[in-house]
Amino acid sequence: MTPPASPPAPFGARLRQAMDRRGPLCVGIDPHPELLAAWGLEDDASGLARFTDTVVAALADRVAVFKPQSAFYERHGSRGVAVLERAVADARSAGALVLLDVKRGDIGSTVTAYAGAYFGAGAPLRCDAVTLTPYLGYESLRPALERARADGAGAFVLARTSNPEGAEPQTARTASGRPLAQAVLDRLARENAGAEPWGSFGAVVGATNLDSSLELTINGPLLAPGLGAQGATAEDLPRVFGAALGQVLPSASRSVLREGPSEAGLRAAAEREAVALARVLG
Ligand SMILES: O=c1ccn([C@@H]2O[C@H](COP(=O)(O)O)[C@@H](O)[C@H]2O)c(=O)[nH]1
């Protein structure tokens, strides 16, 4: 009888190694209808597949992480989700880590069902990590956090998002007097305590939050969307992240994807972003 396959190394360790080897840039795969049109593709499942395959072929050997945005696949129904399933598997086989941006969150029993889609042998969208929303209560995410841990995977929990509307709920004070975003970061610090080189559970902190004064010492990665199309630049990162700069996984989608469909154009855009990041992150 074949023994059961052992889980991969923890996501945190795999991510740290990928960022050290390839640089920290995460490229989002967001097939907006406008981008499909600009690339000369149909706004259907075949267009999605061509778009995604092109991005993966151009960048899988050089970026640390791909972040496909599930919404752009789900909007095409089951055919779109089928494209996403194949894309996630292909991108992982091609050598990049895949962080699926799905922002799941619900009561615990439903979170268990979501976790079954992403983590464990045979999961249809098995990936390296997902995004989760903690605003039904951080502990409601427990089934996904535990299932990810058991599968050598990880999660990025929304703390202080990049959109301006996020400020109202996320800066509101909890009963302890801490901003809600800080309470999420505090939980993540406990989640990752003692992990080396760092833990597998990261926070989402938008690169656009120039005036945040959050304590970011979570012993884990900080996904920083907002570069490019949302106005943040590599030069903003030191102000946003301060001493936590070395934990940052900066993410850009449209600003790179607009340079397609040529693979050379995509590579050049990712390289420009990587050079700008290296200047500030070292
Ligand atoms: O706080 C957040 C969390 C997630 N996102 C997602 O990242 C990309 C950003 O795309 P750009 O084209 O680089 O603006 C998108 O998928 C968002 O849903 C975010 O922007 N902010």
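A few remarks follow.
- Of all residues in region 23-49, those being over 23 Å from Gln247 (Cβ atoms) and either part of a loop (DSSP other than H, G, I, E, B) or free of Cβ contacts under 8 Å to residues at least 60 places away in the same chain (or both) number 18.
- Given (1) buried (at least 24 other Cβ atoms within 10 Å of the Cβ); (2) among the aliphatic types (A, V, I, L, M); (3) within 15 Å of the chain's Cα centre (by Cα), number of the condition Ala71 does not satisfy: (1)
- Only listed residue being within 13 Å of the ligand (Cβ to nearest atom) and among the acidic types (Asp, Glu), chosen from Glu34, Glu42: Glu34
- Selection of region 196-215 for residues being under 20 Å from the mean Cα position of the chain (by Cα) and within 24 Å of Pro10 (Cα to Cα) yields Pro197, Trp198, Gly199, Ser200, Phe201, Gly202, Ala203, Val204, Val205.
- Filtering region 95-105 for residues that are part of a loop (DSSP other than H, G, I, E, B) and either more than 16 Å from the ligand (Cβ to nearest atom) or touching a residue at least 60 places away in the same chain (Cβ under 8 Å) (or both) leaves a non-empty set.
- Just one of (1) part of a strand (DSSP E or B); (2) more than 14 Å from the ligand (Cβ to nearest atom) fails for Asp186. It is (1).
Per-residue answers, yes or no, for (1) within 14 Å of the ligand (Cβ to nearest atom); (2) of a type outside the set (S, T, N, Q); (3) surrounded by fewer than 23 Cβ atoms within 10 Å (Cβ to Cβ):
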position	(1), (2), (3)
Asn209	yes, no, no
Leu223	yes, yes, no
Ala243	no, yes, yes
Ser251	yes, no, no
Ala264	no, yes, yes
Ala274	no, yes, yes
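- Output for region 87-103, where each listed residue is crowded, with 21+ Cβ neighbours inside 10 Å and either more than 27 Å from Glu139 (Cβ to Cβ) or not β-branched (Val, Ile, Thr) (or both): Ala87, Val88, Ala91, Ala96, Leu97, Leu99, Leu100, Asp101
- Residue that is nearest to Gln17 (Cα to Cα) [pool: residues in region 239-271 that are more than 20 Å from the chain's Cα centre (by Cα) and part of a helix (DSSP H, G or I)]: Ala243
- Just one of the listed residues (Arg178, Arg173, Arg160) is touching a residue at least 12 places away in the same chain (Cβ under 8 Å) and either among the charged types (D, E, K, R) or within 13 Å of the ligand (Cβ to nearest atom) (or both), and it is Arg160.
- Selection count, region 114-141, where residues are crowded, with 17+ Cβ neighbours inside 10 Å and part of a helix (DSSP H, G or I): 7
- Residue tally, condition more than 16 Å from the ligand (Cβ to nearest atom) and touching a residue at least 40 places away in the same chain (Cβ under 8 Å), over region 127-153: 10
- Which listed residue, of Ala45, Ala49, Ala37, is touching a helix residue (DSSP H, G or I) at 6+ places or on another chain (Cβ under 8 Å), surrounded by fewer than 19 Cβ atoms within 10 Å (Cβ to Cβ), at pLDDT 95 or above and not acidic (Asp, Glu): Ala45
The values are calculated or read from the model by the stated rules, or taken from the named source; none is laboratory data. Not measured: the values here are computed from a predicted model. Positions of Cβ are backbone-derived with ideal geometry, glycine not excepted, and every protein chain shown enters the neighbour counts.
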